[in-house]
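What follows is a single structure, written as C-alpha coordinates, with notes after it.
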Amino acid sequence: MKKLLIPIFCFLGLSLMAQETMHPSPAQTKKIVITGATLHIGNGQVISNGTVSIDNGKLTILTSAPALSADVEHIDASGKHIYPGVIAPNTNLGLVEVSSTKSTVDFDELGEMNPNIRSIVAYNTDSKVINTLRTNGVLLAQIVPQGGLISGSSTIVQLDAWNWEDAAYALDNGVHMTFPALINRPNGGGRRGGESDAVKAGLERIESARVFFREAKAYLNEKSHAAINLKFEATKGLFDRSKSLYVHCDLVKEMLTAIDFAKEFNFKLVIAGGTDSWMIADILAANQVAVILHEPHALPAAEDDAVDQPYKTGAQLQKAGVLFSICQDSGDGYTQIRNLPFLAGTMAAYGLTREEALSAITLNPAKILGIADRTGSLENGKDANIVICQGDLLDMKSSVVTHAFIQGRAINLDNKHTQLYNRYKYKYNL
(Lines give C-alpha, C1' and ligand atoms only; values in the text may rest on other atoms or scores of the structure.)
Protein backbone atom coordinates (compact mmCIF):
# COMPACT_ATOMS: atom_id res chain seq x y z
CA MET A 1 0.00 0.00 0.00
CA LYS A 2 2.84 2.41 0.88
CA LYS A 3 4.54 1.69 -2.46
CA LEU A 4 1.29 2.60 -4.22
CA LEU A 5 0.82 5.86 -2.30
CA ILE A 6 4.24 7.26 -3.22
CA PRO A 7 3.59 7.59 -6.99
CA ILE A 8 0.06 8.87 -6.30
CA PHE A 9 1.39 11.67 -4.10
CA CYS A 10 4.07 12.47 -6.66
CA PHE A 11 1.43 12.68 -9.37
CA LEU A 12 -0.76 14.96 -7.24
CA GLY A 13 2.22 17.18 -6.44
CA LEU A 14 3.10 17.57 -10.11
CA SER A 15 -0.53 18.26 -10.98
CA LEU A 16 -0.80 20.98 -8.35
CA MET A 17 2.43 22.58 -9.53
CA ALA A 18 1.05 22.67 -13.07
CA GLN A 19 -2.07 24.65 -12.17
CA GLU A 20 -2.21 28.18 -13.57
CA THR A 21 -3.94 29.66 -10.52
CA MET A 22 -1.22 31.12 -8.32
CA HIS A 23 -1.64 32.43 -4.79
CA PRO A 24 -1.56 36.21 -4.34
CA SER A 25 1.82 37.74 -3.56
CA PRO A 26 2.66 38.59 0.06
CA ALA A 27 2.96 42.18 1.27
CA GLN A 28 6.22 43.97 0.57
CA THR A 29 8.79 43.45 3.32
CA LYS A 30 11.97 44.74 1.68
CA LYS A 31 12.67 48.12 0.12
CA ILE A 32 13.08 47.92 -3.65
CA VAL A 33 15.17 50.26 -5.79
CA ILE A 34 14.86 50.14 -9.58
CA THR A 35 17.56 51.92 -11.59
CA GLY A 36 18.44 52.72 -15.18
CA ALA A 37 14.98 52.70 -16.77
CA THR A 38 13.11 55.29 -18.79
CA LEU A 39 10.19 56.48 -16.64
CA HIS A 40 6.88 57.22 -18.34
CA ILE A 41 5.17 59.21 -15.60
CA GLY A 42 1.66 58.96 -17.10
CA ASN A 43 1.02 62.71 -17.22
CA GLY A 44 3.01 63.25 -20.41
CA GLN A 45 6.39 63.55 -18.73
CA VAL A 46 9.27 61.19 -19.53
CA ILE A 47 12.46 60.82 -17.44
CA SER A 48 15.50 59.12 -18.95
CA ASN A 49 17.72 56.92 -16.78
CA GLY A 50 15.41 57.34 -13.81
CA THR A 51 15.39 55.69 -10.39
CA VAL A 52 12.31 54.45 -8.55
CA SER A 53 12.12 53.45 -4.91
CA ILE A 54 9.30 51.28 -3.52
CA ASP A 55 8.89 51.27 0.26
CA ASN A 56 5.85 50.00 2.18
CA GLY A 57 3.96 49.77 -1.10
CA LYS A 58 4.51 53.45 -2.00
CA LEU A 59 6.49 55.11 -4.79
CA THR A 60 9.30 57.63 -4.63
CA ILE A 61 11.01 59.03 -7.74
CA LEU A 62 14.68 59.66 -6.92
CA THR A 63 16.93 62.19 -8.62
CA SER A 64 19.90 59.84 -8.37
CA ALA A 65 20.59 56.22 -7.49
CA PRO A 66 21.11 55.80 -3.72
CA ALA A 67 23.80 53.75 -2.03
CA LEU A 68 22.54 50.17 -1.91
CA SER A 69 22.75 48.04 1.21
CA ALA A 70 22.08 44.36 1.88
CA ASP A 71 18.55 45.05 3.11
CA VAL A 72 17.53 46.69 -0.21
CA GLU A 73 16.47 44.70 -3.27
CA HIS A 74 18.02 46.19 -6.41
CA ILE A 75 16.53 45.73 -9.88
CA ASP A 76 18.72 46.87 -12.77
CA ALA A 77 16.26 47.98 -15.47
CA SER A 78 18.81 49.50 -17.83
CA GLY A 79 17.36 49.77 -21.33
CA LYS A 80 13.84 49.05 -20.08
CA HIS A 81 10.79 51.23 -19.45
CA ILE A 82 8.69 51.75 -16.33
CA TYR A 83 5.00 52.60 -16.69
CA PRO A 84 2.08 53.10 -14.31
CA GLY A 85 -0.11 50.00 -14.14
CA VAL A 86 -2.84 49.98 -16.80
CA ILE A 87 -6.41 50.49 -15.54
CA ALA A 88 -9.30 48.76 -17.35
CA PRO A 89 -12.58 50.67 -16.90
CA ASN A 90 -16.09 49.42 -17.71
CA THR A 91 -15.62 45.66 -17.68
CA ASN A 92 -17.44 42.57 -16.40
CA LEU A 93 -14.15 40.83 -15.61
CA GLY A 94 -14.64 38.27 -12.84
CA LEU A 95 -18.42 38.35 -13.24
CA VAL A 96 -18.43 35.93 -16.17
CA GLU A 97 -16.04 33.10 -16.97
CA VAL A 98 -17.61 31.23 -19.89
CA SER A 99 -20.37 33.36 -21.41
CA SER A 100 -22.14 30.37 -22.97
CA THR A 101 -22.40 28.64 -19.58
CA LYS A 102 -25.13 30.25 -17.51
CA SER A 103 -23.76 29.12 -14.15
CA THR A 104 -20.59 31.20 -14.70
CA VAL A 105 -22.46 34.38 -15.66
CA ASP A 106 -23.26 36.73 -12.78
CA PHE A 107 -23.43 40.29 -14.06
CA ASP A 108 -27.10 40.72 -15.01
CA GLU A 109 -29.91 41.21 -12.45
CA LEU A 110 -33.67 41.12 -13.00
CA GLY A 111 -35.66 44.33 -12.69
CA GLU A 112 -35.36 47.88 -14.01
CA MET A 113 -34.20 49.93 -10.99
CA ASN A 114 -31.37 48.24 -9.10
CA PRO A 115 -28.98 50.92 -7.76
CA ASN A 116 -28.51 48.77 -4.64
CA ILE A 117 -26.95 45.85 -6.58
CA ARG A 118 -23.21 45.62 -5.81
CA SER A 119 -21.07 44.03 -8.51
CA ILE A 120 -18.17 43.43 -6.12
CA VAL A 121 -19.88 40.69 -4.10
CA ALA A 122 -20.06 38.52 -7.23
CA TYR A 123 -16.46 39.18 -8.29
CA ASN A 124 -14.48 35.95 -8.77
CA THR A 125 -10.81 36.45 -7.88
CA ASP A 126 -10.04 32.94 -9.18
CA SER A 127 -11.00 33.78 -12.76
CA LYS A 128 -8.46 32.31 -15.17
CA VAL A 129 -8.71 35.50 -17.25
CA ILE A 130 -7.22 37.77 -14.57
CA ASN A 131 -3.70 36.34 -14.78
CA THR A 132 -3.58 36.91 -18.55
CA LEU A 133 -4.20 40.64 -18.06
CA ARG A 134 -1.36 41.19 -15.62
CA THR A 135 1.11 39.78 -18.15
CA ASN A 136 0.39 42.79 -20.38
CA GLY A 137 0.47 45.34 -17.57
CA VAL A 138 -3.23 45.60 -16.66
CA LEU A 139 -3.25 45.79 -12.85
CA LEU A 140 -6.59 47.36 -11.92
CA ALA A 141 -10.12 47.09 -13.32
CA GLN A 142 -13.57 48.57 -12.81
CA ILE A 143 -16.11 45.78 -12.29
CA VAL A 144 -19.48 46.85 -13.75
CA PRO A 145 -22.95 45.29 -13.42
CA GLN A 146 -25.45 45.10 -16.29
CA GLY A 147 -29.16 44.63 -16.80
CA GLY A 148 -32.24 46.81 -16.45
CA LEU A 149 -32.29 50.59 -16.63
CA ILE A 150 -30.29 51.25 -13.45
CA SER A 151 -27.92 48.32 -13.11
CA GLY A 152 -26.15 48.88 -9.79
CA SER A 153 -22.78 50.03 -8.48
CA SER A 154 -19.28 49.30 -9.75
CA THR A 155 -16.07 48.79 -7.77
CA ILE A 156 -12.40 49.20 -8.66
CA VAL A 157 -10.36 46.05 -7.95
CA GLN A 158 -6.66 45.29 -7.90
CA LEU A 159 -5.89 42.08 -9.77
CA ASP A 160 -4.01 40.09 -7.13
CA ALA A 161 -6.29 38.95 -4.31
CA TRP A 162 -7.65 35.99 -2.35
CA ASN A 163 -11.26 37.22 -2.33
CA TRP A 164 -13.38 40.22 -3.24
CA GLU A 165 -12.71 41.89 0.11
CA ASP A 166 -8.96 41.81 -0.58
CA ALA A 167 -9.47 42.87 -4.21
CA ALA A 168 -11.57 45.97 -3.50
CA TYR A 169 -9.52 49.10 -4.26
CA ALA A 170 -12.36 51.65 -4.34
CA LEU A 171 -15.73 50.27 -3.22
CA ASP A 172 -19.04 51.16 -4.88
CA ASN A 173 -17.66 54.29 -6.52
CA GLY A 174 -20.36 54.76 -9.17
CA VAL A 175 -23.89 53.85 -10.23
CA HIS A 176 -24.51 52.58 -13.77
CA MET A 177 -27.47 53.34 -15.99
CA THR A 178 -28.06 51.99 -19.51
CA PHE A 179 -30.04 54.30 -21.78
CA PRO A 180 -32.39 52.74 -24.33
CA ALA A 181 -31.51 53.44 -27.97
CA LEU A 182 -33.16 56.70 -29.03
CA ILE A 183 -33.44 55.79 -32.69
CA ASN A 184 -36.24 54.43 -34.86
CA ARG A 185 -34.80 51.65 -36.98
CA PRO A 186 -36.24 50.72 -40.40
CA ASN A 187 -37.96 47.61 -39.04
CA GLY A 188 -39.51 49.60 -36.21
CA GLY A 189 -37.79 47.42 -33.62
CA GLY A 190 -35.25 49.31 -31.55
CA ARG A 191 -33.48 47.42 -28.79
CA ARG A 192 -36.69 46.10 -27.26
CA GLY A 193 -38.18 44.84 -30.54
CA GLY A 194 -41.67 45.23 -31.92
CA GLU A 195 -42.19 48.84 -30.85
CA SER A 196 -43.59 51.18 -33.50
CA ASP A 197 -41.84 54.19 -31.96
CA ALA A 198 -38.62 53.16 -30.22
CA VAL A 199 -37.64 56.76 -29.45
CA LYS A 200 -40.91 57.44 -27.65
CA ALA A 201 -40.65 54.19 -25.71
CA GLY A 202 -37.04 54.96 -24.80
CA LEU A 203 -37.86 58.46 -23.57
CA GLU A 204 -40.66 57.02 -21.44
CA ARG A 205 -38.19 54.63 -19.78
CA ILE A 206 -35.77 57.49 -19.13
CA GLU A 207 -38.62 59.52 -17.65
CA SER A 208 -39.34 56.64 -15.28
CA ALA A 209 -35.74 56.91 -14.09
CA ARG A 210 -36.21 60.67 -13.53
CA VAL A 211 -39.23 59.91 -11.37
CA PHE A 212 -37.22 57.33 -9.44
CA PHE A 213 -34.42 59.81 -8.70
CA ARG A 214 -36.89 62.55 -7.74
CA GLU A 215 -38.44 60.16 -5.24
CA ALA A 216 -34.98 59.17 -4.00
CA LYS A 217 -34.06 62.83 -3.50
CA ALA A 218 -37.23 63.45 -1.50
CA TYR A 219 -36.53 60.34 0.58
CA LEU A 220 -32.95 61.41 1.32
CA ASN A 221 -34.10 64.89 2.33
CA GLU A 222 -36.27 63.40 5.08
CA LYS A 223 -34.66 63.40 8.53
CA SER A 224 -36.12 60.02 9.52
CA HIS A 225 -37.88 57.13 7.80
CA ALA A 226 -40.59 54.77 8.88
CA ALA A 227 -38.86 52.11 6.76
CA ILE A 228 -35.47 51.89 5.08
CA ASN A 229 -35.56 51.91 1.27
CA LEU A 230 -32.37 50.18 0.11
CA LYS A 231 -32.73 51.38 -3.49
CA PHE A 232 -33.01 55.03 -2.45
CA GLU A 233 -30.21 54.68 0.11
CA ALA A 234 -27.90 53.40 -2.64
CA THR A 235 -28.25 56.70 -4.55
CA LYS A 236 -26.98 58.91 -1.73
CA GLY A 237 -23.47 59.11 -3.16
CA LEU A 238 -24.83 60.48 -6.43
CA PHE A 239 -26.57 63.38 -4.71
CA ASP A 240 -23.57 64.33 -2.56
CA ARG A 241 -21.30 63.84 -5.63
CA SER A 242 -19.05 61.31 -3.89
CA LYS A 243 -20.03 58.90 -6.71
CA SER A 244 -20.44 59.31 -10.46
CA LEU A 245 -23.40 58.37 -12.63
CA TYR A 246 -22.14 56.24 -15.54
CA VAL A 247 -24.60 56.42 -18.42
CA HIS A 248 -24.06 53.78 -21.09
CA CYS A 249 -25.05 55.25 -24.45
CA ASP A 250 -23.61 55.99 -27.90
CA LEU A 251 -25.71 58.37 -30.01
CA VAL A 252 -25.68 62.16 -29.87
CA LYS A 253 -29.35 62.33 -28.85
CA GLU A 254 -28.72 59.90 -26.01
CA MET A 255 -25.65 61.77 -24.72
CA LEU A 256 -27.45 65.13 -24.82
CA THR A 257 -30.33 63.58 -22.90
CA ALA A 258 -27.84 62.20 -20.37
CA ILE A 259 -26.33 65.66 -19.87
CA ASP A 260 -29.79 67.14 -19.29
CA PHE A 261 -30.60 64.26 -16.92
CA ALA A 262 -27.44 64.81 -14.85
CA LYS A 263 -27.98 68.58 -14.70
CA GLU A 264 -31.41 68.17 -13.11
CA PHE A 265 -29.92 66.29 -10.15
CA ASN A 266 -26.41 67.85 -10.16
CA PHE A 267 -24.82 64.43 -10.74
CA LYS A 268 -21.22 63.89 -11.84
CA LEU A 269 -21.67 62.33 -15.27
CA VAL A 270 -19.50 59.86 -17.16
CA ILE A 271 -20.51 58.58 -20.60
CA ALA A 272 -19.63 54.91 -21.17
CA GLY A 273 -19.59 53.98 -24.85
CA GLY A 274 -19.70 57.38 -26.51
CA THR A 275 -19.32 56.17 -30.09
CA ASP A 276 -20.53 59.53 -31.48
CA SER A 277 -18.91 61.64 -28.76
CA TRP A 278 -16.57 63.23 -31.31
CA MET A 279 -19.59 65.02 -32.83
CA ILE A 280 -20.34 66.92 -29.60
CA ALA A 281 -16.86 67.06 -28.05
CA ASP A 282 -17.20 70.81 -27.35
CA ILE A 283 -20.48 70.26 -25.47
CA LEU A 284 -18.98 67.44 -23.43
CA ALA A 285 -15.98 69.59 -22.54
CA ALA A 286 -18.17 72.57 -21.59
CA ASN A 287 -20.19 70.36 -19.25
CA GLN A 288 -17.13 68.58 -17.83
CA VAL A 289 -18.40 65.18 -18.92
CA ALA A 290 -15.80 62.40 -19.06
CA VAL A 291 -16.04 59.60 -21.63
CA ILE A 292 -15.03 55.92 -21.48
CA LEU A 293 -14.84 55.05 -25.17
CA HIS A 294 -15.76 51.71 -26.71
CA GLU A 295 -12.76 49.77 -27.99
CA PRO A 296 -11.09 51.58 -30.94
CA HIS A 297 -10.67 48.34 -32.91
CA ALA A 298 -14.19 48.50 -34.32
CA LEU A 299 -16.10 49.35 -37.47
CA PRO A 300 -17.52 52.85 -37.90
CA ALA A 301 -20.96 53.32 -36.32
CA ALA A 302 -22.58 54.80 -39.43
CA GLU A 303 -22.16 54.22 -43.16
CA ASP A 304 -21.04 57.79 -43.78
CA ASP A 305 -18.47 57.84 -40.97
CA ALA A 306 -14.80 57.72 -41.93
CA VAL A 307 -13.46 54.17 -41.94
CA ASP A 308 -10.87 55.13 -39.32
CA GLN A 309 -13.26 57.11 -37.11
CA PRO A 310 -13.03 54.74 -34.09
CA TYR A 311 -9.24 55.05 -34.21
CA LYS A 312 -9.17 58.85 -34.15
CA THR A 313 -12.08 59.64 -31.81
CA GLY A 314 -9.69 59.76 -28.85
CA ALA A 315 -7.52 62.40 -30.51
CA GLN A 316 -10.59 64.51 -31.28
CA LEU A 317 -11.73 64.35 -27.65
CA GLN A 318 -8.21 65.14 -26.47
CA LYS A 319 -8.06 68.21 -28.71
CA ALA A 320 -11.43 69.44 -27.39
CA GLY A 321 -10.30 69.04 -23.77
CA VAL A 322 -12.54 66.08 -22.90
CA LEU A 323 -11.22 63.70 -20.25
CA PHE A 324 -11.45 60.23 -21.80
CA SER A 325 -10.32 56.65 -21.46
CA ILE A 326 -10.90 53.49 -23.47
CA CYS A 327 -12.32 50.07 -22.62
CA GLN A 328 -12.76 46.61 -24.11
CA ASP A 329 -16.45 45.93 -23.53
CA SER A 330 -17.98 44.22 -26.56
CA GLY A 331 -19.23 40.63 -26.39
CA ASP A 332 -16.60 38.52 -24.66
CA GLY A 333 -14.41 41.61 -24.32
CA TYR A 334 -13.36 40.66 -20.79
CA THR A 335 -11.06 38.04 -22.33
CA GLN A 336 -9.48 40.70 -24.56
CA ILE A 337 -8.68 43.29 -21.88
CA ARG A 338 -5.07 42.13 -22.08
CA ASN A 339 -4.93 44.02 -25.40
CA LEU A 340 -5.85 47.37 -23.84
CA PRO A 341 -2.29 48.77 -24.15
CA PHE A 342 -2.26 47.89 -27.84
CA LEU A 343 -5.61 49.64 -28.41
CA ALA A 344 -4.00 52.75 -26.95
CA GLY A 345 -1.07 52.18 -29.30
CA THR A 346 -3.45 52.26 -32.27
CA MET A 347 -4.84 55.61 -31.11
CA ALA A 348 -1.25 56.88 -30.89
CA ALA A 349 -1.02 56.28 -34.63
CA TYR A 350 -4.19 58.32 -35.23
CA GLY A 351 -3.58 61.71 -33.65
CA LEU A 352 -2.51 61.12 -30.06
CA THR A 353 1.10 61.32 -28.93
CA ARG A 354 2.44 58.15 -27.31
CA GLU A 355 2.34 59.74 -23.87
CA GLU A 356 -1.23 60.95 -24.39
CA ALA A 357 -2.19 57.43 -25.43
CA LEU A 358 -0.52 56.08 -22.29
CA SER A 359 -2.47 58.58 -20.16
CA ALA A 360 -5.69 57.28 -21.76
CA ILE A 361 -5.17 53.92 -20.02
CA THR A 362 -3.45 55.07 -16.81
CA LEU A 363 -3.93 58.56 -15.38
CA ASN A 364 -7.14 59.40 -17.29
CA PRO A 365 -9.12 56.38 -16.05
CA ALA A 366 -7.74 57.01 -12.55
CA LYS A 367 -9.19 60.54 -12.72
CA ILE A 368 -12.52 59.33 -14.12
CA LEU A 369 -12.82 56.62 -11.47
CA GLY A 370 -11.82 58.92 -8.63
CA ILE A 371 -8.58 57.16 -7.65
CA ALA A 372 -5.99 59.52 -9.16
CA ASP A 373 -4.76 60.48 -5.68
CA ARG A 374 -3.62 56.87 -5.22
CA THR A 375 -2.60 55.55 -8.64
CA GLY A 376 -2.45 56.21 -12.39
CA SER A 377 0.96 57.89 -12.54
CA LEU A 378 4.51 57.55 -11.23
CA GLU A 379 4.41 60.21 -8.53
CA ASN A 380 5.75 60.36 -5.00
CA GLY A 381 3.47 58.88 -2.38
CA LYS A 382 1.21 56.99 -4.79
CA ASP A 383 0.69 53.24 -4.61
CA ALA A 384 3.43 51.28 -6.33
CA ASN A 385 1.23 49.92 -9.12
CA ILE A 386 3.89 49.79 -11.81
CA VAL A 387 5.07 47.77 -14.80
CA ILE A 388 8.61 47.22 -16.03
CA CYS A 389 8.66 46.52 -19.74
CA GLN A 390 11.32 45.50 -22.21
CA GLY A 391 10.21 47.46 -25.26
CA ASP A 392 7.21 49.75 -25.75
CA LEU A 393 4.19 48.77 -23.62
CA LEU A 394 1.85 50.09 -26.35
CA ASP A 395 3.49 48.10 -29.14
CA MET A 396 2.36 44.50 -29.58
CA LYS A 397 5.58 43.52 -31.33
CA SER A 398 8.12 44.78 -28.78
CA SER A 399 6.21 44.74 -25.48
CA VAL A 400 7.51 42.18 -22.97
CA VAL A 401 6.51 42.82 -19.36
CA THR A 402 9.30 41.54 -17.11
CA HIS A 403 8.06 42.78 -13.71
CA ALA A 404 4.78 44.05 -12.28
CA PHE A 405 4.00 45.40 -8.83
CA ILE A 406 0.64 46.02 -7.16
CA GLN A 407 0.93 48.14 -4.02
CA GLY A 408 4.57 47.13 -3.86
CA ARG A 409 3.95 43.39 -4.16
CA ALA A 410 5.92 41.64 -6.91
CA ILE A 411 3.27 39.88 -9.02
CA ASN A 412 3.59 36.40 -10.52
CA LEU A 413 3.26 36.88 -14.29
CA ASP A 414 2.56 33.23 -15.08
CA ASN A 415 -0.81 32.30 -16.63
CA LYS A 416 -2.59 29.66 -18.69
CA HIS A 417 -1.36 31.16 -21.95
CA THR A 418 2.33 31.15 -20.98
CA GLN A 419 2.04 27.62 -19.61
CA LEU A 420 0.51 26.32 -22.84
CA TYR A 421 3.21 28.16 -24.79
CA ASN A 422 5.94 26.44 -22.77
CA ARG A 423 4.13 23.10 -22.89
CA TYR A 424 4.14 22.94 -26.66
CA LYS A 425 7.61 24.41 -26.98
CA TYR A 426 8.73 21.40 -24.94
CA LYS A 427 6.57 18.93 -26.90
CA TYR A 428 7.95 19.98 -30.27
CA ASN A 429 11.47 20.66 -28.98
CA LEU A 430 11.38 24.29 -30.07
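The values are calculated or read from the model by the stated rules, or taken from the named source; none is laboratory data. What you see is a predicted model, and the numbers here were worked out from it, not measured in a lab. Counting neighbours? That spans all protein chains shown, and the Cβs are built from the backbone with ideal geometry, glycine included. Ligands, DNA and RNA are excluded from the accessible area calculation, which covers all protein heavy atoms including side chains. Shrake-Rupley method; radii C 1.70, N 1.55, O 1.52, S 1.80 Å.
Scan around Ala37 for amide H atoms under 5 Å from its own, H built in the peptide plane at 1.01 Å from N, and keep only partners 5 or more places away or cross-chain.
Here Gly50, Ala77 satisfy the definition.
Suppose R0 equals 30 Å. What FRET efficiency, 1/(1 + (r/R0)^6) with r the Cβ-Cβ distance, do Ala65 and Asp166 give to the nearest 0.05?
0.35
To the nearest 10 degrees, how steeply does helix 2-17 sit against the main Cα axis of the chain, on a 0 to 90 scale?
Helix 2-17 sits at roughly 60 degrees to that axis.
Quick one: what are the phi-derived ³J(HN,Hα) couplings along segment 23-29, Karplus 6.51/-1.76/1.60 with θ = phi - 60°, whole Hz, x for glycine and proline?
Couplings: 6, x, 6, x, 4, 5, 10 Hz.
Springs between alpha-carbon pairs under 10 angstrom, Gaussian network model over the chain: which of Thr275, Thr418, Thr313 fluctuates most?
Comparing Thr275, Thr418, Thr313 in the GNM, the peak value goes to Thr418.
If you roll a 1.4 angstrom probe over the protein chains with everything in place, what fraction of the accessible area of segment 306-415 belongs to carbon and sulfur, to the nearest %?
After summing per-atom areas, the C and S share lands at 48 percent.
Would you mind putting 127-133, 396-402 in packing order, based on average other-beta-carbon counts within 10 Å, highest first?
Per-residue mean Cβ counts within 10 Å order the peptides as 127-133, 396-402.
Under 26 Å from the Cα of Lys223, which lysines turn up, not counting those fewer than eight places away in the same chain?
Output for Lys223: Lys231, Lys236, Lys243, Lys263, Lys268.
Nearest 20 debye, what's the magnitude of the dipole of the chain about its Cα centre given +1 on Lys and Arg Cβ and -1 on Asp and Glu Cβ?
920 debye
How far is helix 309-320 tilted, in degrees, relative to the longest principal axis of the Cα atoms in the chain, given as a value from 0 to 90 rounded to the nearest 10?
80 degrees
What is the distance, in nm, between label points placed 7 Å from the Cα along the Cα-to-Cβ direction at Val252 and at Thr101?
Distance between the two pseudo-spin positions: 4.6 nm.
Placing +1 at every Lys and Arg Cβ and -1 at every Asp and Glu Cβ, with all other atoms neutral, what dipole size does segment 334-408 have around its Cα centre, in debye to the nearest 20?
The calculation lands at about 160 debye.
Return the Rg/Rh ratio of segment 99-253 with Cα-based radii and a Kirkwood Rh.
1.02
Out of Val72, Gln288, Asn415, whose Cα points farthest toward the positive end of the dipole of the chain (charges: +1 Lys, Arg; -1 Asp, Glu; placed on Cβ)?
Going by the Cα projections, it comes out as Val72.
Three principal axis extents, largest first, for the C-alpha atoms of the chain, in Å?
Dimensions of the chain along the principal axes of its Cα atoms: 70, 62, 52 Å.
Take Arg185 and Ile228, extend 7 Å from each Cα along the Cα→Cβ direction, and tell me the distance between the two endpoints in nm.
About 4.2 nm, to one decimal.
Work out from phi, with θ = phi - 60° and the Karplus expression 6.51 cos²θ - 1.76 cosθ + 1.60, the ³J(HN,Hα) of each residue of segment 162-174, listed in order in whole Hz, and give x for Gly and Pro.
6, 8, 5, 5, 5, 6, 4, 9, 8, 6, 6, 8, x
Explain nothing, just compute: Karplus ³J(HN,Hα) = 6.51 cos²θ - 1.76 cosθ + 1.60, θ = phi - 60°, for every residue of segment 251-266 in order, whole Hz, x for Gly and Pro.
Taking θ as phi minus 60°, the curve returns 7, 4, 4, 5, 5, 5, 5, 5, 4, 4, 4, 5, 4, 4, 10, 6 Hz for segment 251-266.
How much FRET efficiency would the formula 1/(1 + (r/R0)^6) give for Leu220 and Glu303, where r is the Cβ-Cβ distance and R0 is 60 Å, rounded to 0.05?
0.85
Show that you can apply the helix-only estimate: for the chain, add -39,500 (n - 2.57) for every DSSP H stretch of four or more residues, divide by all residues, and state [θ] at 222 nm to the nearest 500.
-8500 deg cm²/dmol
Which cross-chain or sequence-distant (5 or more) residues have an amide H under 5 Å from the amide H of Tyr169, H modelled 1.01 Å from N in plane?
Amide H neighbours of Tyr169: Ile156, Val157, Gln158.
What whole number of Å gives the distance from the Cα centroid of segment 266-307 to the Cα centroid of segment 64-88?
Result: 37 Å between the Cα centres.
When you count, for each residue, the other Cβ atoms within 10 Å and take the mean per peptide, how do 384-392, 71-79, 217-225 rank with the highest first?
Per-residue mean Cβ counts within 10 Å order the peptides as 384-392, 71-79, 217-225.
Taking the DSSP beta bridges in segment 274-430 as the whole, what percent of them are antiparallel, to the nearest 5?
70 percent
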